[in-house]
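The values are calculated or read from the model by the stated rules, or taken from the named source; none is laboratory data. What you are looking at is a predicted structure, and each value in this text was computed from that prediction instead of being measured. Virtual Cβ from ideal backbone geometry, glycine too; neighbours counted across all protein chains shown. Ligands, DNA and RNA are stripped out before the accessible areas are found, and what is left, the full protein with its side chains, is counted by its heavy atoms. Shrake-Rupley method; radii C 1.70, N 1.55, O 1.52, S 1.80 Å.
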Amino acid sequence: MTKQSLIIFNLPALFDILNEIKENFNFDLYNFNKKKDLDQINESSHGNFLIVTSSGNKEDFLKNVLVIDNLPLKVNEIVEKININLLKKKFNNQLEIKINDFELDINSRTISNNGKKLKLTEREIEIILYLNNSKESQSIDKLQKEVWGHNNDLETHTVETHIYRLRKKISENFENNDFIISTKNGYKLS
């Protein structure tokens, strides 16, 4: 899962309230009070991030800002607004992922290359994403556990079958036989 961060800017009371219940959130919580600290924020360090502030604190050149005005609001209303905005940002970030010469569109579940487009299943997307996020070859057991959620004691050829079918689809549609490579340790993307 992609890291998510909520950055509270110049709203100390809101930070204090959210900090008390932060174990209930699926995002990390940060408190910033200086504009220069906001300049250091990026997706590599904070993942999918959202800056919450009031209109009095909003800087025009900030991105990913949720302005909370019309206070007081109920805490659950604020948390709902935050979750909705984080989901929207995550959805927008997943529009296209570049993998070598291919573009993977998670939302429409397609992969494209040189003007050609191929529809993929959700499992095929999961396989490609898992292999893309891996630096090294992934064993069949590891893929079975991480992508399918099966334990290693299960005797099955599910991984090999899915990889075979995915390779065949990519080969037939894009004339590329090297998108997924077999190694002695498993599979990886070229």
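Within the option set Val75, Val65, Val79, Val52, being in contact (Cβ under 8 Å) with a residue 60 or more places away in the chain, surrounded by 12 or more Cβ atoms within 10 Å (Cβ to Cβ) and over 30 Å from Asn173 (Cβ atoms) holds for one residue only, Val79. The set of residues from segment 106-150 being within 18 Å of the chain's Cα centre (by Cα), acidic (Asp, Glu) and open to solvent by 30 Å² or more (accessible area, probe 1.4 Å) comprises Glu122, Glu126, Glu146. As a summary of the residue check, Leu154 satisfies the conditions (1) open to solvent by 40 Å² or more (accessible area, probe 1.4 Å); (2) closer than 25 Å to Asn48 by Cβ; (3) modelled with pLDDT under 90; (4) not in a helix (DSSP H, G or I) except for the one numbered (2).
Of note, Asn31 satisfies the criterion of being polar (S, T, N, Q), open to solvent by 50 Å² or more (accessible area, probe 1.4 Å), over 30 Å from Asn132 (Cα atoms) and at pLDDT 80 or above. The residue list Lys184, Lys169 contains one member that is closer than 22 Å to Ile97 by Cα, open to solvent by 40 Å² or more (accessible area, probe 1.4 Å) and at pLDDT 90 or above, which is Lys169.
Once segment 82-105 is narrowed to residues that are surrounded by fewer than 16 Cβ atoms within 10 Å (Cβ to Cβ) and at pLDDT 80 or above, the residue that is farthest from the chain's Cα centre (by Cα) is Asp101.
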